[in-house]
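Here is the structure we will look at.
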Amino acid sequence: MNIMNVDYSTKIPNNVNLSEDRQVLKALEGWHPGYMDWWGDMGPEGFQQSLVYLRTAYSVDPRGWAKFDYVKMPDYRWGILLAPQEENRVIPFGEHYGEPAWQEVPGEHRAMLRRLIVIQGDTEPASVEQQRHLGKTAPSLYDLRNLFQVNVEEGRHLWAMVYLLQKYFGRDGREEADELLRRRSGDADSPRMLGAFNEATPDWLSFFMFTYFTDRDGKMQLHSLAQSGFDPLSRTCRFMLTEEAHHMFVGETGISRVVQRTCEAMKAAGVTDPKDVAKVRALGVIDLPTIQKKLNLHYTLSLDLFGSEVSTNAANAFNAGIKGRYHETQIKDDHRLQNDTYPVLKLVNGEIKRVNEPALTALNMRLRDDYTQDCVKGLLRWNKIISLAGYDFKLTLPNVAFHRQIGEFRDVHATPDGVLIDDATWNKRKSEWLPSTDDGDFISSLMTPVTEIGAFAPWISPPKVGIDNKPGDFEYVKIET
Ligand SMILES: [Fe+2]
Ligand SMILES: [Fe+2]
C-alpha cells in the first residue's frame, strides 16, 4: 500500500497495513468498544449528535493531509497514522549514535520505552476529560468547532500510542492500553499520571491557556520522542505534531482575541488604567491583570510537566537512544554529551543561581528552556495588541521559582519576579498572582453560550480568518434540536 494515503476499508483507518497485520488489527478492534464507551462517558458533554465541520487526516503528505467535512463526533474515523519511513535513518544521539534506527523494540530498553509511551498516551484522553464541559458555554460556533477538533484529535493521539503498545509490547502492552481507558482526570482513586492533567479547565480562558501552554509542553515532548531511535515511535510522533500545531493555534489566537476585545472595550469606554479591574469588569470583558493571573497558573503547571531539572531518568533515556533533544539533528555537537555541561537554575544558599550540571542529567532543564523560548512568541503578539491599543501594560512569563510543585523550587515560595518570600507572605499575597475564587466566579459569569451563526460572545473578538477559509457566517456546528 501507499504509505502516504490512509486505508479506510478497515474498521480502523490506517497507513500501517493493518489489513495484513491480523493480530494487531484484532487487538485494536477488541479495544475499540471500550474506547467508544470512554468517549460516550468522558468525551464532550452534549453535541454528540450534532454535525461538526471537522478535518480528518486522509494522508500524511505534509502538502495536503486533511479533508474537512460535517461529521458527528462518534462517527469520526480515529485512525493510526505514521509519517513515512525515512530510508537508512540512524539513531541520532546517545550510546547507539549512528547505528541503524530500530524497527523492533530493543530488549534492554523495553521497560523505559513502554513507560514513556504510556505517559504520553495518558495525557491525550486526560485533556478531553478536562474539557468535556466546555461545549455548553462556547462563545461561538467557530470556537465550539475548534474545541471538538482538538478533542477528536487528542482521541486519535490516544489511538496512536495504543497502536504502539499493542503492536510492539504484547500482553503488557494490551494491559497498559486498557489502563489508559480506566484512569480519569482528577479522580481521587485513579487519576491521570501527570499533575497538570488532573486540574480543572473551568472556562474558555483556561481552555485557551491550556492549549497554548500545556499543548506546547506536548509539542516539546513529541519533538523529543520524534528523535527516538525506536523508529515507529519517531514516525508516530512526527505525524502527531502536524495535528498539534492547530491546538496551539487555537490557544494563541484565542488569547489574542480576548486581549483584543478587552482593549477595544476599554478604549471605547475611555478607561485609561488597564489595572482598574472593577471598571474594566463592568464592561463585561476580562481585565488584563486577570489574564496575567491565568497565564501564571497555566504556565507554571506546564513547567512542572518537564519534571526535575536534574534527572537521571532523562539521562538514561537519552543514553539509550529513546528520547532526544528538541531539534536534535540540527544541534552541532557530538550528540553523546558525555563531557558537556548545561547551566541549571538552582536554589543555592537561598538564592536562585545558574549552576553548571552534566549536560546529560540536565536534559529536562534544556527542554524546558526551549519551551520557554517557544512560549515567548505568543506573549510578543499579545503585547503588541495591547500597545497598539495605546495601553501601558505587558503580559510576562513568571519566574521559574514561582508556584512550582516539581523540581528545585517546589519547597519555596517566590513572587512572579523571583523574589523568595515566606509562607505567611505567600498566603497573604498569592491571590494577587494566581486566579482567586472571585476571579473564577467573574469569568464564569461571562461564560454564556452563543450559538447563533456568525455571532460571538461580547468578551471575545471574532477570528481574523475562518477555518478552511470559511466566511464569518459559516455554520461550523449544526446543533441538533
Ligand atoms: Fe495530543
Ligand atoms: Fe494537543
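Since every read-out is calculated from the coordinates, none of them should be taken as a lab result. This structure is a prediction, so every number in the text was calculated from the model and none was measured. Here the Cβ is made from the backbone with ideal geometry for all residues, glycine too, and neighbour counts use every protein chain on show.
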**Prompt:** In straight Cα distance, which lysines are under 17 Å from residue 478, not counting same-chain residues fewer than 8 positions off?
**Reply:** 72, 136, 470
**Prompt:** Can you give the direction-averaged projected area of the convex hull of the alpha-carbon atoms in region 362-481, in nm²?
**Reply:** 12.0
**Difference of contour (0.36 nm per residue) and Cα-Cα distance, residue 357 to residue 475** = 37.0 nm
**Asked** Mean shadow of region 128-174, computed from the convex hull of its alpha carbons, in nm²?
**Response** 3.6
**Message:** Given Cβ point charges of +1 (Lys, Arg) and -1 (Asp, Glu) and nothing else, what value in debye, to the nearest 20, does the dipole of the chain about its Cα centre take?
**Reply:** 680
**Fill in**
Per region 184-237, sqrt(5λ) over the Cα gyration tensor eigenvalues, sorted largest first, in Å, gives 26, 16, 7
**Prompt:** Which of the aspartates and glutamates could be linked to residue 346 by a straight reach, that is with a Cα gap under 17 Å, when you skip same-chain ones fewer than 8 residues away?
**Reply:** 304, 309, 357, 369, 408, 411, 417
**Item:** Value of [θ]222 nm, deg cm²/dmol, for the chain, DSSP H segments ≥ 4, -39500 (n - 2.57) each, nearest 500
**Value:** -15000 deg cm²/dmol
**Request:** Let me know the longest stretch in the chain that avoids all GluC sites (Glu not before Pro) found in a DSSP loop with at most 13 other C-beta atoms within 10 Å.
**Result:** 105-451
**Complete:** If every Lys and Arg gets +1 and every Asp and Glu gets -1 at its Cβ, then about the Cα centre region 1-45 yields a dipole, in debye to the nearest 20, of 200
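List the pairs from 323/464; 267/377; 275/377; 167/332 whose alpha-carbon separation is above 30 Å, in the order I gave them.
323/464; 167/332
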**Prompt:** Across every pair of different alpha-carbon atoms, what Kirkwood hydrodynamic radius in Å does the chain reach?
**Reply:** 23.6
**Message:** If exposed means no more than 15 neighbouring beta carbons inside 10 Å and the site is in a DSSP loop, what's the longest run of the chain without any exposed chymotrypsin sites (Phe, Trp or Tyr not before Pro)?
**Reply:** 98-481
**Fill in**
Simple spin-label estimate for residue 338/residue 89, 7 Å along Cα→Cβ, in nm, reads 2.6
**Prompt:** From the Cα gyration tensor of region 235-308, with a ≥ b ≥ c the square roots of its eigenvalues, which class applies: rounded if a/c is under 1.5, or else prolate if a/b is larger than b/c, or else oblate?
**Reply:** oblate
**Where labels lie 7 Å past Cα in the beta-carbon direction, separation of residue 278 and residue 452 in nm** = 3.3
**Message:** Give the aspartates and glutamates whose C-alpha is closer than 15 Å to that of residue 384, dropping any in the same chain fewer than 8 places away, or say none.
**Reply:** 252, 264, 392
**Item:** Computed E for residue 329/residue 104 - FRET, C-beta separation, R0 22 angstrom, nearest 0.05
**Value:** 0.50
**Prompt:** How long is the gain from residue 67 to residue 308 if the chain were fully straight, where each residue apart is worth 0.36 nm and the alpha carbon distance is subtracted?
**Reply:** 82.7 nm
**Fill in**
A chain fully extended from residue 41 to residue 267 at 0.36 nm per residue, minus the present Cα-Cα distance, gains in nm 76.9 nm
**Prompt:** Across the Cα atoms of region 1-141, what radius of gyration and what greatest pairwise Cα-Cα distance (Dmax) are found, in Å?
**Reply:** 18.3, 52
**Complete:** The exposure ranking of 400, 355, fewest beta-carbon neighbours within 10 Å first, is 355, 400
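I need to check one value: relative contact order of the chain, counting alpha carbon pairs closer than 8 Å and at least 6 residues apart, in percent.
Averaging sequence separation for qualifying contacts and normalising by length gives 19 percent for the chain.
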**Positive-end residue, region 1-158 charge dipole about Cα centroid, Cβ charges, pick of 5, 148, 46** = 46
**Asked** Can you give me the Cα centroid spacing of region 90-117 and region 140-163 in angstrom?
**Response** 29
**Asked** Shape call for region 173-273 from the C-alpha gyration tensor, a ≥ b ≥ c root eigenvalues: rounded (a/c under 1.5), prolate (a/b greater than b/c) or oblate?
**Response** oblate
**Prompt:** With all pairs of different alpha carbon atoms counted, what Kirkwood hydrodynamic radius in Å does region 261-403 show?
**Reply:** 17.9
